[in-house]
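One structure is given below, encoded as structure tokens.
The values are calculated or read from the model by the stated rules, or taken from the named source; none is laboratory data. Keep in mind it's a predicted model, so treat the numbers as computed, not measured. Every residue, glycine among them, receives a Cβ derived from its backbone with ideal geometry; neighbour counts consider all protein chains shown.
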Amino acid sequence: MFSLEELRIFDKKADIQTEYARLSVIVSYVKWLAETLSDGSRDKIVATNIEKMVKGLQARRPPKKSRNTNSKQEEKGLDSKQLELVFEVFRPDSKLNPFKDEAIRRRNRLMFLVLFYLGLRGGELLNMRIRDINFSSNQLVVVR
């Protein structure tokens, strides 16, 4: 026997994506079962009824939720003041720059500018080599 507390887990509703996925699996199974039980009958009426049933079950699935359709989504990122501060921190002659070695300061500035202006991911930056830079044509090859 189950206690009331144990049964309360069945009161919780699954999220939309989970519900959609579960109903899709159920639809596939019920379609397969109906086709199997009809012994592969080539009767058009049976096939039509199975298709009606499948479409009816599919219609009961919740609408798929798209990731980027939320109109209330806030932009994520730094505001202009914060961005100014980051640029200042990475300036080699800035008092805010925490690194002591001049070469390290210049390297970090270059890395920051490449990430910021080219939109590279960190892994792409880490894989970058000198041979990936064509100095005569001012081009940078990003190798996967």
Residue in region 35-54 that is farthest from residue 23 (Cα to Cα), counting only those that are surrounded by 11 or more Cβ atoms within 10 Å (Cβ to Cβ) and under 38 Å from the mean Cα position of the chain (by Cα): 35
Residues of region 16-52 that turn out to be of a type in the set (A, V, I, L, M, F, W, C) and either in contact with a helix residue (DSSP H, G or I) (Cβ under 6 Å, 6 or more places away or on another chain) or not in a helix (DSSP H, G or I) (or both), as a count: 3
Check on residue 65, among the basic types (Lys, Arg) and modelled with pLDDT of 90 or more: no
Among (1) at pLDDT 90 or above; (2) more than 30 Å from residue 29 (Cα to Cα); (3) among the basic types (Lys, Arg) - the single one residue 52 does not satisfy: (2)
Total residues in region 81-132, condition surrounded by 10 or more Cβ atoms within 10 Å (Cβ to Cβ), under 22 Å from residue 143 (Cβ atoms) and of a type in the set (A, V, I, L, M, F, W, C): 11
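Matching residues to (1) assigned to a loop (DSSP other than H, G, I, E, B); (2) under 29 Å from the mean Cα position of the chain (by Cα):
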residue: 88; (1), (2): no, no
residue: 100; (1), (2): yes, no
residue: 103; (1), (2): no, no
residue: 106; (1), (2): no, no
residue: 120; (1), (2): yes, yes
residue: 131; (1), (2): no, no
residue: 137; (1), (2): yes, no
Residues of region 122-144 that turn out to be closer than 19 Å to residue 108 by Cα and polar (S, T, N, Q), as a count: 1
